[in-house]
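Encoded as structure tokens, the structure appears first; notes follow it.
The values are calculated or read from the model by the stated rules, or taken from the named source; none is laboratory data. Remember, it's a predicted structure, so these values are computed and weren't measured experimentally. Backbone-built Cβ (ideal geometry, glycine too); neighbour counts: all protein chains shown.
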Amino acid sequence: MDGNYDVAAIRREFPILERKVNGFPLVYLDSAASAQKPRTVIETQREYLSHFHSNIHRGVHTLATQATEAFEGARETIKAHFNAAENAEIIFTAGATDGINLVAGTWGRANLTASSTVLMTRLEHHSNIVPWQILASEIGFKIEVIEIFPEGTIDLEDYNAKLALAPSLVCFSHVSNTLGTINDAKQLTSLAHDAGAMVMVDGAQAAPHMNVDLQDINCDFYVASGHKMYGPTGIGFLYGKRALLDAMPPWRGGGEMISSVSFDVPTTFNVPPYKFEAGTPHISGAIALGAAIKWMESVGLDNIAAHELALTKYAHEKLLQIEGLRIYGTAEHKAGVVSFLVEGIHPSDLGTLLDQLGIAVRTGHHCTEPLMDWYKIPGTVRASFGAYNTFDDVDALVAALERAIKMLK
Amino acid sequence: MDGNYDVAAIRREFPILERKVNGFPLVYLDSAASAQKPRTVIETQREYLSHFHSNIHRGVHTLATQATEAFEGARETIKAHFNAAENAEIIFTAGATDGINLVAGTWGRANLTASSTVLMTRLEHHSNIVPWQILASEIGFKIEVIEIFPEGTIDLEDYNAKLALAPSLVCFSHVSNTLGTINDAKQLTSLAHDAGAMVMVDGAQAAPHMNVDLQDINCDFYVASGHKMYGPTGIGFLYGKRALLDAMPPWRGGGEMISSVSFDVPTTFNVPPYKFEAGTPHISGAIALGAAIKWMESVGLDNIAAHELALTKYAHEKLLQIEGLRIYGTAEHKAGVVSFLVEGIHPSDLGTLLDQLGIAVRTGHHCTEPLMDWYKIPGTVRASFGAYNTFDDVDALVAALERAIKMLK
Amino acid sequence: MGNMKLLEARQNEIIEEFSMFGDWMEKYEHIIEMGKELNPLAESDKTEDNLIRGCQSRVWLSAQKDEEGDVVFSADSDAIITKGLVALMVRVLSGAKPEDIANVDLHFLADIGLNTHLSPTRSNGLASMVKQMKMYGLVFSARS
Amino acid sequence: MGNMKLLEARQNEIIEEFSMFGDWMEKYEHIIEMGKELNPLAESDKTEDNLIRGCQSRVWLSAQKDEEGDVVFSADSDAIITKGLVALMVRVLSGAKPEDIANVDLHFLADIGLNTHLSPTRSNGLASMVKQMKMYGLVFSARS
Ligand SMILES: Cc1ncc(COP(=O)(O)O)c(C=O)c1O
Ligand SMILES: Cc1ncc(COP(=O)(O)O)c(C=O)c1O
């Protein structure tokens, strides 16, 4: 259905897809929660731990030098893939959540005051809401919510109205994890900049699904998680413009992030990115994340995006033939996420029965409670796609749904 | 030399030890920076990523349940091994540094004031100094330094004098990473408690080398790093007494750590440990850390400690035969760390030449600059031992040192 | 005086009932059936107090002591499978002595192969509900 | 006017010199020898300004322009191997035209198999020193 995309070959690279669940072949439709890992990622990590591991930086021995070079090579891979201006703009974090908290804890704490305003959309993941709420409860700034339309797109009129409040910062997700909406990050950033605001983009759901050009978007901060881009857990990155990073105070203190430590004269700090990387980093995770990005590049993110779009369209079509099924998130530009409910049926019941048939979907509020409250629903069933999903997966989902609905009605 | 300890069998479990470096068999004497990984740890991580990976908690599908159970099983393993009172007291962090920053960022920020005093020893690693310095520069509390004797032990008289200042918190390392000193954590804790202070112990260097009983020590907080206990990078844990954790505000905000999120009514937080675990955790790292602890238990930490003590004694004996060599850290109770200098020779020169001969040691200040300044030295050469080191390793070190010294003198 | 045999007999009855089913889907059909048959809780009883936290589906539980000193449970859920599992719990524990409820070993879910639903890491709230039921048993036996 | 050939010739001379050594230890012996032979910097020149940051061993570097407009470097280190490597750098770059220093391709360390010392991830400060030397070249050529 989409030409040259060899999904069978891709699937063979993912050992987990050979698994059976409850006697059925696994149909994994939960990549928005976490993507599965291709062999190259698993083996890169294994190879590193088996033959190259050592703590990095400051070491004079060969293992330390090799590990450091592999680690810094991964930083270079990220910088090049996301088109940052320099390696120092890529800070390794434990994930997207950690990155947002870093921005809140350093830039936010240093720059926001009781009279500041922070804008965010109603679509945001808890990870992009709660750090700001915690900081707001301390500093006293105001959080204003940018409204959305029922199809899940940002209301630009409301956005402009809120920008008139002269916010210090605008936070938005590049792609909504619940609705799949792709926001026009470049346009939203440019409007915010025109209004004098800084821009932090939550790219957790964009990075695995499209080419992201940070200098083109021109945002000030951007975060992503490795485990959603076919990489390992416990690693992600924060991008920040160099001038901002230079000016920001440190967050976590520890080894690596210092220039010189003393009890007698003031301790001085290292330059970015090290200033923000306290302690021993997740060395094997960073290196394997580099491998994950290279893997995505080898398939081609444009190809992945086109394939996932085709799956999404097909899923919409098929699902809408089910009586009483409503899809949440019908933006024109959307990534491979399909959230839905069936009238009179609780999403967790569907999730439980689908699981019995080997189909892994996520049910619940997907860490977007304010969005669920706005729709006045307790949650949705969410099927989300990765590079390895097939049209057969969609068919299996639809058939299982029909069976489950019959049982539950 | 130490009876039944089958070091050859242990070595076979570590693939990296088969490596050659610069044409010589690798002699890895840098475990205090990071330990190497036994096959069971590497394979546990690989097996998890190959066949069980999924995001955890809140998922109704089988993979999510299995991953969650493995993850929570690792927490149980840590709780049991370190004898915490309950699983909720074990919080997964990115490492020891992250754990100390968590304590500073939540307990510290909520409980310290401009008139507070925090005590720490002159032995501390930067990770246990800088987070407190950063917080002090914000809040204004005082940091007082507990002095040491030249052999690297804590001066109890000075400690008692400083306790008379009524500190709010005492921070000390269980084992010094530079000198190897084993501090009597139980005694130091009890003295601090008598003086009304809370106690935070940096266990990064103790956890890999001895059995640690947290309820016996009775400290309030304890941190450790997975990568130093033969586990993966990017994972560690913070132990905190339940009542403290219950009372502490959250630190990082995000998914998992909330009870309910809203823009209209106050967001509420989850119970410990989840309250402090925002975002997708390092699932594979936690599970593999569980495997690392089981591995240490299978060898027996008392056996590892005895073996490392024998190596340390042997190393002291042999090294002291080298003219002009001085050992830093000669406490009676010390773990497998030997720091030294040779008169008239810069440590980095020794490190470079040892590396040419396949011997990996660390040189420099070992993230303990205040300690180096106190000794008035630029750094040391540090050889540190793990469960896999041998008496031959020590002999190789000594022979290489003799050769290097001849070249450099 | 407790009567643990009663609880054991009720559990065995359920185990036998489920042994008739050949596959998972049939078991779930039965659970759904029981969910549908469970008397719904009055809306007035679906209070914040009776709500069990930590659930993807919501579970409400209320408990009373009858004249004979037995605990009578009523429960409900907005998800039908959860409600069916809740019905099973109520069937086993309702009308039993508080001390038996506090001490009972609930093995039947494991025996019929549904124990994953009882895992504390599962977000259906069943584990929390069982904990809450036992807590009622403890509280009521302390009071008597 | 630059004279890049001079720098090339100096690099080749060093490469040839090192080609005589059979193994690593001999190479290091030679580097140590050169470290010992390098004129130490006057204590008064070991200033905070001349110190190159980010080093495990400390490196000091100072630069002057002579009458002919060439850059004259003096350098020192507290570690002898680093000092030997520093001496090699000074031997190649000192007394050269600023614009040549700014533009030179320093390949000789790689050619003699010592390029790991030049890695920016290495903490001996050599990479920072080379950066600083080129910066002097740039600054001095801009001024002339
Ligand atoms: C005593 C001590 N504390 C803390 C740390 C920091 O550990 P990590 O870098 O794993 O966070 C170390 C590691 O070097 C250490 O030796
Ligand atoms: C849009 C969005 N932002 C942030 C996050 C948080 O990512 P992580 O849990 O990896 O920190 C997620 C993951 O669920 C997400 O979907």
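A few notes on this one:
- Check on B:Ile283, touching a helix residue (DSSP H, G or I) at 6+ places or on another chain (Cβ under 8 Å), within 11 Å of chain A (Cβ to nearest Cβ) and over 25 Å from B:Asp220 (Cα atoms): yes
- Within the set A:Ala74, A:Ala104, A:Ala80, A:Ala85, the sole residue that is within 16 Å of ligand 2 (Cβ to nearest atom), at pLDDT 95 or above and closer than 25 Å to A:Ala206 by Cα turns out to be A:Ala104.
- The one condition in (1) part of a helix (DSSP H, G or I); (2) within 10 Å of ligand 1 (Cβ to nearest atom); (3) polar (S, T, N, Q) that B:Gln205 fails to fulfil: (1)
- When each of A:Asn160, A:Asn128 is tested for being buried (at least 16 other Cβ atoms within 10 Å of the Cβ) and either more than 16 Å from ligand 1 (Cβ to nearest atom) or at pLDDT below 95 (or both), the lone residue that passes is A:Asn128.
- Among (1) within 22 Å of the chain's Cα centre (by Cα); (2) more than 15 Å from A:Ala64 (Cβ to Cβ); (3) of a type in the set (Val, Ile, Thr) - the single one B:Val342 does not satisfy: (1)
- Whenever a residue of the range B:324-344 is under 16 Å from B:Val398 (Cα atoms), its partners that are of a type in the set (Lys, Arg), lying with C-beta atoms within less than 6 angstrom and at least six residues away or across chains, give the pairs B:Ser339/B:Arg382; B:Leu341/B:Arg326.
- Residues of the range B:1-23 satisfying the condition of being crowded, with 16+ Cβ neighbours inside 10 Å and more than 22 Å from B:Glu297 (Cα to Cα): B:Arg19, B:Val21
- Failed item, numbered, when B:Tyr230 is tested on (1) closer than 23 Å to B:Leu112 by Cβ; (2) within 14 Å of chain A (Cβ to nearest Cβ): (1)
- Residue that is farthest from A:Ala224 (Cα to Cα) [pool: residues in the range A:122-142 that are hydrophobic (A, V, I, L, M, F, W, C) and at the interface with chain B (Cβ under 7 Å from one of its Cβ atoms)]: A:Ile134
- Flag if C:Leu61 is in a helix (DSSP H, G or I), aliphatic (A, V, I, L, M), crowded, with 19+ Cβ neighbours inside 10 Å and in contact with a helix residue (DSSP H, G or I) (Cβ under 6 Å, 6 or more places away or on another chain): no
- Taken together, the residues in the range A:262-274 that are in contact (Cβ under 8 Å) with a residue 12 or more places away in the chain and either within 18 Å of B:His365 (Cβ to Cβ) or not assigned by TED's automatic domain parsing to the domain that holds A:Ser54 (or both) amount to 3.
- When the test is whether a residue is over 22 Å from the mean Cα position of the chain (by Cα), within 27 Å of A:Phe71 (Cβ to Cβ) and part of a loop (DSSP other than H, G, I, E, B), B:Gly234 does not pass it.
- Restricting attention to the range A:356-380, the residues that are of a type in the set (A, V, I, L, M) and within 16 Å of ligand 2 (Cβ to nearest atom) total 4.
- Failed criterion for A:Lys186 (all others in (1) over 28 Å from A:Ile90 (Cβ atoms); (2) loosely packed, with under 15 Cβ neighbours inside 10 Å hold): (1)
- Being within 16 Å of ligand 1 (Cβ to nearest atom) and among the β-branched types (Val, Ile, Thr) holds for only one residue in B:Ile148, B:Ile90, and it is B:Ile148.
- B:Trp107 falls short on exactly one of the conditions (1) in a helix (DSSP H, G or I); (2) more than 25 Å from the chain's Cα centre (by Cα); (3) more than 12 Å from chain A (Cβ to nearest Cβ), and that condition is (2).
- Only one of the listed residues (A:His53, A:His61) is facing chain B (nearest Cβ under 9 Å), more than 16 Å from ligand 2 (Cβ to nearest atom), farther than 27 Å from B:Leu63 by Cβ and touching a strand residue (DSSP E or B) at 6+ places or on another chain (Cβ under 6 Å). That residue is A:His61.
- The range C:1-50, residues that are of a type in the set (A, V, I, L, M, F, W, C), within 16 Å of C:Ala79 (Cα to Cα) and in contact with a helix residue (DSSP H, G or I) (Cβ under 7 Å, 6 or more places away or on another chain): C:Ile31, C:Ile32, C:Met34, C:Leu38
- Only one of the numbered conditions (1) over 30 Å from A:Thr368 (Cβ atoms); (2) part of a helix (DSSP H, G or I); (3) in contact (Cβ under 8 Å) with a residue 12 or more places away in the chain is violated by B:Ala80, and that is (3).
- Yes/no for D:Lys46 being touching a Phe, Trp or Tyr at 6+ places or on another chain (Cβ under 6 Å) and under 28 Å from A:Gln66 (Cβ atoms): no
- A count restricted to the range D:8-34 and to residues that are of a type outside the set (A, V, I, L, M, F, W, C), within 15 Å of B:Ala404 (Cα to Cα) and touching a residue at least 12 places away in the same chain (Cβ under 8 Å) stands at 4.
- Candidate set: the range A:199-223, residues that are within 12 Å of chain B (Cβ to nearest Cβ) and of a type outside the set (Val, Ile, Thr); chosen: the one nearest to the chain's Cα centre (by Cα): A:Ala204
- Unmet requirement for B:Ala74, which otherwise passes all of (1) more than 9 Å from every other protein chain (Cβ to nearest Cβ); (2) in contact with a strand residue (DSSP E or B) (Cβ under 7 Å, 6 or more places away or on another chain): (2)
- Looking only at the range B:24-49, residues that are over 20 Å from B:Ala70 (Cα atoms), within 8 Å of another protein chain (Cβ to nearest Cβ) and either polar (S, T, N, Q) or assigned to a loop (DSSP other than H, G, I, E, B) (or both) come to 4 in all.
- Scanning the range B:259-280 for residues that are at the interface with another protein chain (Cβ under 7 Å from one of its Cβ atoms) and either closer than 20 Å to B:Asp98 by Cα or not in a strand (DSSP E or B) (or both) yields B:Val261, B:Ser262, B:Phe263, B:Thr267, B:Ala278, B:Gly279, B:Thr280.
- Which listed residue is more than 8 Å from chain A (Cβ to nearest Cβ), buried (at least 24 other Cβ atoms within 10 Å of the Cβ) and more than 19 Å from the chain's Cα centre (by Cα), from B:Leu371, B:Leu350: B:Leu350
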